[in-house]
Structures are given as structure tokens and as C-alpha cells.
Amino acid sequence: MVNYVSGPAAGRGRTNLTIYRVASPAMGERQHSSDKGANLNSPPLVFSRLGAPAYAGPPTRPALRIVILSAVRFVRESVCEVLGRDPEIAVLGHYAVLDKALDQTVTRHANIFLLDAAFVGGTDAVRQIREAAPEVRVVVLAVIETQEDVITWAEAGVAGYIPTTAALSDLGRLLQDVSNGKQAFS
């Protein structure tokens, strides 16, 4: 959401325009203390070519709501950062422990659970995720595309996988594909 404040610049005859982005807790973002008093119920502003604000309507919810599980911190943080750049994706959190990731998956209504293939006990984790949140699609990250590995993950119940050969720039699109059933396992 955007609030704006404008006023004359000190003695210069110009108008200053300050734009504040206010994160909506409903969208899974944190509200900063500097945002106190902002109206979180009004629609975001969009500026026309002339600079006049026009209401864009209520904010839309990102199509993918993702929880990331990896024992490797830099993997979690890197994937979170890359996915966070995509407006169609909301990363709800990244975790090193299955219990915390499962809790957030259920309470924050994730629709994708991204699991690092190197996570110890990964196939058992898939089964636990599917039991706790059957509506969530489990996607495995960094799968080596051997017949044995793909079959093992498919039998565990994943909806799809991201191969080790995938580029970071393709990650969002690949997750969208799995979400849309273009790479399904059953």
C-alpha cells in the first residue's frame, strides 16, 4: 500500500513527494514501526503520467505462498531473496527445522512447500508434510535427474521438482508450472 505526502520544498518553489510503502500483515509482510498510523484498509495509490494519484483497488494476493525448508542457511536465504523479487510469489518463511516449517505452512496457508533435496530424511519429511497439509504441493529443490531419484521423490508424494540444472532466473516460473500441474507426480 502506498501513502504519499507532498508539500513545497523549503524555499525552492518545488513540490517534494514522499512515498511510503506500508506492508500489509495480511500479505505476510511485517509492518515497520515507522508505519504506525498508516491506513492499511485503503487501496494502494497508482500515479498517472501527470502525477495525480488514482486508486488501483484492493491489493491482490500473490498466486504462490511458499514455505522453504533447507538445513543450509545460505540456500534458504538465497532462494528466499530470489523468489521475493517476484510479485506473484510470497515467501512466508524459510526454516531449518521441519516442525517450524510445518507449523507455518498450516497457520499461514501456504500452497507450496519448497524442500531442499539435501534435507536429511527428505522423503519422510514429504510424508509428514502431506499428512499435516494435504492441499499443499510439495516441490523438491535441487533434484539430480536420475531415474532413481525422480522415482524416489515421486513415490514419496511430491508434486514436482526443480532440477539441479535449473537457473535461478527460472525458479519462479518452474514453481508456477508445478503449481499449475505442468510437472505432476502421482
Linear extension gain, residue 123 paired with residue 88, 0.36 nm per residue minus alpha-carbon span: 9.8 nm
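Assuming a viscosity of 1.306 mPa s and a temperature of 10 °C, what translational diffusion coefficient in µm² per second does Stokes-Einstein assign to region 99-152, Rh being the Kirkwood radius over Cα pairs? Numbers along the way, then the final one.
Numbers: Rh = 11.6 Å.
In µm²/s, the coefficient rounds to 137.
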Anisotropy class of region 144-186 from Cα gyration tensor, a/c 1.5 cut: oblate
Highest to lowest packing among 133-139, 155-161, scored as the average C-beta count within 10 Å: 155-161, 133-139
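Every number here is computed from the coordinates shown, using simple stated rules; none is lab data. Given the structure is predicted, the values throughout are model-derived calculations rather than measurements. Neighbour counts are summed over all protein chains in view; Cβ atoms, including those assigned to glycine, are modelled from backbone coordinates with ideal geometry.
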